[in-house]
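**Student:** The structure follows.
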Amino acid sequence: MSKLSRLISTAVLCVLPLLIFSKTVQAASRTDFKVCWSIYAGYMPWGEAKTQGIIAKWGKKYGITIDAVQINDYIESINQYTAGKFDGCFMANMDALTIPAAGGVDSTALIVTDYSNGNDGIVIKGKGKKLADLKGQSVNLVEFSVSHYMLARALASVGLRERDIKVVNTADADIPSAFSTSSVKQVVTWNPMLAEVKANPDVTEVFNSSALPGELQDIMLVNTKTLKDNPALGKALTGAWFEMLALMQANNEKSTAALTAMAKASGTDLAGFKSQLATTAFFYTPKDALAFMTNPDLPKVMARVAKFSFDHGLLGQGAPNEHVVGMAFDQGNVIGNKNNIKLRFDPTYLRMAVDGKL
């Protein structure tokens, strides 16, 4: 080989990795994203943030576009996220563990947005009923949902177990109509279905999520790899969310109009929607959300959720125990399998918001 040939070969070998790296960066970097949400008091701000142009505003700040898509069925929204059709999705903490994480999709809880503080409840037909009256009865609910988890926790509080009742799997949208029939006398559900069920005459709410503060969480979940490759997405989502919450609390004509629009979109009026918000413990500021995300009790709650999930076969076929899916928390704290971390409660972007760096 001539000296010139060797120089050319050396140059090609040096440039080739740079070209490959450049193409990799270009492939990883994106400008268009999609997130999904479904009808629930805790998720409604996201739809209104789109209507108000807040999402577009924050996307523009970082040179990206984010489309917020409403999915009518809650579980279907999670399934579509898990299948890779969306980059992010609003869902409950348990569902984040048992569907995408257990399914192998590495996901990050960008923000724990709120927890149910009465938005989920157990209702029995008849006045003066008690939780213990569920013994030996059929209970309609969305099987393996946070409602199911709450029911199990409620039963344990009065010395009952799930084997003492019969669970009847019912789609969330079908629960109010099922409860209106003579054959269904006990249901577990969440708002807005809960409000509709409680509006029936001669019923008793025997338990609700206010007895389990901080356990039934709502989270903004995003694909971990997508977030890592595109930090602008995390910044824009976080900024848009807290701007929308600030608007909701502004107590002016604009906030009233926004709340009224959210109420209509969720099938109720302003008073009805405000009653749902009253039982949703929102973290209205980044500081409050950060405090919750870094609280040492959070891993303990998720360990309890993991145990319930394993006991009900929700962590995948052949799962040896509740530790099969690793979950990461603040300061490198990990519970479960450290070699299989699929759910991450990462406060990075909340810290940016608190520090004014968004």
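**Student:** Could you give each residue of segment 107-117 its phi-based ³J(HN,Hα) in whole Hz, using Karplus coefficients 6.51, -1.76, 1.60 with θ = phi - 60°, and x for Gly or Pro?
**Tutor:** Per-residue couplings from phi come out as 10, 10, 7, 5, 9, 7, 7, 5, 9, 6, 10 Hz.
**Student:** Two decimals, Cα atoms only, Kirkwood Rh: what is Rg/Rh over segment 23-111?
**Tutor:** For segment 23-111, the value is 0.98.
**Student:** Round to the nearest 10 and report in Å² the accessible area of Lys342, as given by a 1.4 Å probe over the protein chains' heavy atoms.
**Tutor:** Solvent-accessible area, nearest 10 Å²: 50 Å².
**Student:** Turning to a different aspect of this structure: Among Ile66, Asn140, Ala171, which residue has its Cα positioned farthest towards the positive end of the charge dipole of the chain, with +1 placed on the Cβ of Lys and Arg, -1 on the Cβ of Asp and Glu, and the dipole taken about the Cα centre?
**Tutor:** Ile66
**Student:** Run the 1.4 Å probe and let me know the accessible area of Leu277, rounded to the nearest 10 Å².
**Tutor:** For Leu277, solvent-accessible area is about 20 Å².
**Student:** Could you tell me which of the pairs Lys129/Lys198; Lys57/Lys274; Lys50/Lys85; Lys50/Lys198; Lys60/Lys264; Lys185/Lys264 are separated by over 25 angstrom between their Cα atoms in the structure shown?
**Tutor:** Distance filter (> 25 Å) returns Lys57/Lys274; Lys50/Lys198; Lys60/Lys264; Lys185/Lys264.
**Student:** Please calculate the 1.4 Å probe accessible area of Ser182, with all protein chains present, and give it to the nearest 10 Å².
**Tutor:** 100 Å²
**Student:** Rank these residues by their accessible area, most exposed first, probe 1.4 Å: Asp218, Asp133.
**Tutor:** Per-residue accessible area, sorted high to low, gives Asp133, Asp218.
**Student:** Compute, for segment 97-172, the length of the dipole vector about the Cα centre, with Cβ point charges of +1 (Lys, Arg) and -1 (Asp, Glu) only. Units Debye, rounded to 20.
**Tutor:** Dipole about the Cα centre, nearest 20: 580 debye.
**Student:** To continue, here is another question. Under DSSP H, which helices of the chain have Cα atoms covering 15 Å or more of the helix axis and a Kyte-Doolittle average no less than -1.0?
**Tutor:** Sorted by number, the helices that extend far enough and score high enough are 3-28, 146-157, 231-248, 253-265, 297-311.
**Student:** With charges only on Cβ, +1 for K and R and -1 for D and E, what is the dipole size of the chain about its Cα centre, in debye, rounded to 20?
**Tutor:** Approximately 940 debye in magnitude.
**Student:** Just report the Cα centroid separation between segment 322-358 and segment 123-185, whole Å.
**Tutor:** Using only Cα atoms, the two centres lie 33 Å from each other.
**Student:** Further, regarding this structure: From largest to smallest, what semi-axes in whole angstrom does segment 206-354 give when each is the square root of 5 times an eigenvalue of its alpha carbon gyration tensor?
**Tutor:** Taking √(5λ) for each Cα gyration eigenvalue gives 31, 21, 14 Å.
**Student:** Here is a further query. Show the residues, 5+ positions off or on another chain, whose built amide H is closer than 5 Å to the amide H of Asp67.
**Tutor:** Those qualifying (amide H under 5 Å, at least 5 residues apart or on another chain) are Phe33, Lys34, Val35.
**Student:** Then there's this: Would you list Arg163, Arg344, Arg304 from the most to the least accessible area, probe 1.4 Å?
**Tutor:** So, going from the largest accessible area down, we get Arg163, Arg304, Arg344.
**Student:** Still on this structure, I have one more. Just to make sure I understand: if all protein chains stay in place, what is the order of Trp190, Trp46 by accessible area at 1.4 Å, largest first?
**Tutor:** From most accessible down to least: Trp190, Trp46.
**Student:** From the alpha carbon gyration tensor of segment 311-358, can you work out the equivalent ellipsoid semi-axes (sqrt of 5 times each eigenvalue) and give them in Å, largest to smallest?
**Tutor:** Gyration-tensor ellipsoid for segment 311-358: 30, 10, 7 Å.
**Student:** List the residues of segment 335-358 whose backbone N lies under 13 Å from a point placed 7 Å from the Cα of Thr294 along the Cα-to-Cβ direction.
**Tutor:** From segment 335-358, the list is 346-356.
**Student:** Here's a follow-up. Can you list, bin by bin at 20 Å, the percent of alpha carbon pairs in the chain, starting at 0?
**Tutor:** 28, 53, 14, 4, 1
**Student:** Then there's this: Would you list, by chain and number, the aspartates and glutamates whose Cα falls below 17 Å from the Cα of Lys228, excluding same-chain residues fewer than 8 positions away?
**Tutor:** Asp32, Asp87, Asp106, Asp330, Asp346
**Student:** From the phi angles alone, apply the Karplus equation (6.51, -1.76, 1.60; θ = phi - 60°) to segment 160-168 and give each ³J(HN,Hα) in whole Hz, x where the residue is Gly or Pro.
**Tutor:** 9, 10, 4, 5, 7, 10, 10, 7, 10
The values are calculated or read from the model by the stated rules, or taken from the named source; none is laboratory data. A quick note: this is a predicted structure, and the numbers were derived from the prediction, not measured. Cβ atoms come from the backbone with ideal geometry, glycine included; neighbour counts cover every protein chain shown. Note: areas computed on protein heavy atoms with side chains; ligands, DNA, RNA excluded. Shrake-Rupley method; radii C 1.70, N 1.55, O 1.52, S 1.80 Å.
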